[in-house]
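Here is the structure we will look at, set down as C-alpha cells.
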Amino acid sequence: MAAHALENRHRDPALKISARTREAGLAEVGFVQRLVQDTFEQVSTDRSMLPGLRFADPVGDPGWFGPDSAMWYLQSHPSGLIGGFVSLMCEALMPDMAYAAIDHSDFFTQFKRRGGRSGSFYWATVFGPADVAERVCRNVHRYHEVVTGTRPDGRPYAANDPGNLRWAHAGLTYGFIRGHLLYHPRPLDRERLDEVVAGFARIHAEIGGTDLPATMADLRDYYRWVAPQIALTPQAKSTLDFMFGKLERIPVLRWALVDALPTWSRDLLPHSAGPTQRLIGRQFMTTAINGAVKLGGEPWVVRQARKRFS
C-alpha cells in the first residue's frame, strides 16, 4: 500500500492548470523557496543536542554509513524537510503517539525548536562519526524513558513501547523517502531505497526499536498490518489542526504536504486538497526546493563531514 505509493512519483494523472491559477501560485513560489531555505538552514544549524560537535573529525571515520551511502545521498537534500512534516502527521494518527505529544512535547509552543532537535539527531546519526551517533542515540533513549502516561480510556502509553517505536520508524522512513522521490531531481532506485529503509532501521534500533521494517516491501506489509490501529482521535485532530493552521497563508505548501501523505492517511485528515491542488503544490514545491539547493548549496553538516575524507 504505502510502499507502492512511494515508488510512483507521478501517481496522479496529468492535469491541466489554468494560466490564472498558475500566475496566482507563482506569487508564492519565491516565498516558499525562502521558507524552505530558512527552515533547512535552521534545522541544520540547531546544535542544541550537539554542543561543541564538529563533524570534520576524526579523519577517516565513516560513521555508520559513509559518503557513498544512500543515506548520505538522501539526507543531504532538503526534500527531506517534507519527510519530517509527513512523519509528524503520520505519528499523530497513532493514539499513543498523539497523547504523548499533548502531554510531554513542546511541539505546540516551540515548533521550530522541536524540529531543530529532531533534525540535529538525524544529522548526527547519518553524517556524524560513530561515537557521536552512539551518544545521541543513548540520549534519545534516555529521554524516551520518562515519556509515559495514561490515556483517558485508562490504557498506559510509553514512548519506548516497541509498537510506538515501530510506528515512528515507519512514518519517518516513509516521509523521507516520499519527499525524496517527489522532489529530488535524481532519485534513488528501488535497491538503494531498500538501503535507506535499512539505514533508518539501524538508527531506530539503537534507540530501542525492535522488529523494524528494513525494506520497502517490509514497509508495505507493516502498513497493511497496522491499519486497524490508526485513528483520528481528538488529540490527533488538535495536532493536525495546529500544523495546518500554520500553513493557512501558504496554501501551495499545505497542498504539497497533503500530496506527500500516504493515501490511506488522507481519508482520515480533517484537511484535504483535491488532485489539481496537489499537483500545483507538487510542481511549486519542486521549484522551491531545488531553487533553495542552488542558492544555499550543501548544508554545513555535510560539508564538514566530507572533510573527514578529503
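The values are calculated or read from the model by the stated rules, or taken from the named source; none is laboratory data. Just so we're clear, the structure is a prediction, and the values are computed from it rather than from any experiment. Cβ coordinates were reconstructed from backbone atoms using ideal geometry, including for glycine residues, and neighbour counts include every protein chain displayed.
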Task: Per-region count, the range 223-233, residues surrounded by 14 or more Cβ atoms within 10 Å (Cβ to Cβ) and either of a type in the set (Gly, Ala, Ser) or touching a Pro at 6+ places or on another chain (Cβ under 8 Å) (or both) - done: 3
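Among the residues of the range 48-69, is there at least one that is at pLDDT below 70, closer than 30 Å to residue 191 by Cα and assigned to a loop (DSSP other than H, G, I, E, B)?
Residues of the range 48-69 at pLDDT below 70: 48-52.
Still in the running and closer than 30 Å to residue 191 by Cα: none.
Among the residues of the range 48-69, not one is at pLDDT below 70, closer than 30 Å to residue 191 by Cα and assigned to a loop (DSSP other than H, G, I, E, B), which makes the answer no.
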Open item on the list: Looking only at residues that are surrounded by fewer than 16 Cβ atoms within 10 Å (Cβ to Cβ) and among the polar types (S, T, N, Q) in the range 264-286, which one is modelled with the highest pLDDT?
Closed with: 276
TODO: Report, ordered by the first and then the second residue, all pairs with beta carbons closer than 7 Å, sequence separation of six or more or different chains, a first member in the range 124-136 that is farther than 12 Å from residue 57 by Cα, and a second member that is among the polar types (S, T, N, Q) and in a helix (DSSP H, G or I).
DONE: 126/75; 133/125; 136/125
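Considering every residue within the range 197-210, establish whether at least one is of a type in the set (D, E, K, R) and over 15 Å from the mean Cα position of the chain (by Cα).
For the range 197-210, residues of a type in the set (D, E, K, R) and over 15 Å from the mean Cα position of the chain (by Cα): present.
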Task: Failed criterion for residue 236 (all others in (1) of a type in the set (Gly, Ala, Ser); (2) within 19 Å of residue 121 (Cα to Cα); (3) buried (at least 22 other Cβ atoms within 10 Å of the Cβ) hold) - done: (2)
Task: Filter result for the condition that a residue is over 23 Å from residue 182 (Cα atoms), among the hydrophobic types (A, V, I, L, M, F, W, C) and in a helix (DSSP H, G or I), over 201, 231, 227, 217 - done: 227
TODO: Read through the list (1) part of a helix (DSSP H, G or I); (2) within 23 Å of residue 182 (Cα to Cα), then give the number of the only condition that residue 271 fails.
DONE: (1)
TODO: Go through the range 280-310 and count every residue that is touching a Phe, Trp or Tyr at 6+ places or on another chain (Cβ under 7 Å) and without any contact (Cβ under 8 Å) to a residue 60 or more places away in the chain.
DONE: 1
TODO: Examine the range 264-272 for a residue that is more than 18 Å from residue 82 (Cβ to Cβ), of a type outside the set (Phe, Trp, Tyr) and touching a Pro at 6+ places or on another chain (Cβ under 8 Å), and state whether such a residue exists.
DONE: no
- [ ] Under 8 Å between Cβ atoms, at least 6 apart or on separate chains: pull out the pairs that start in the range 244-263 with a residue that is part of a loop (DSSP other than H, G, I, E, B) and end on any residue that is among the aromatic types (Phe, Trp, Tyr).
- [x] 246/111; 250/31; 262/174; 262/223
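For the range 125-162, give me the residue count where each residue is among the small types (Gly, Ala, Ser), surrounded by fewer than 17 Cβ atoms within 10 Å (Cβ to Cβ) and over 30 Å from residue 306 (Cβ atoms). Before you say what the answer is, go through the steps one by one.
Of the residues in the range 125-162, the ones among the small types (Gly, Ala, Ser) are 128, 130, 133, 149, 154, 158-159.
Next, only the ones that are surrounded by fewer than 17 Cβ atoms within 10 Å (Cβ to Cβ) stay: 130, 149, 154.
From what's left, over 30 Å from residue 306 (Cβ atoms): 149, 154.
Total satisfying the criteria: 2.
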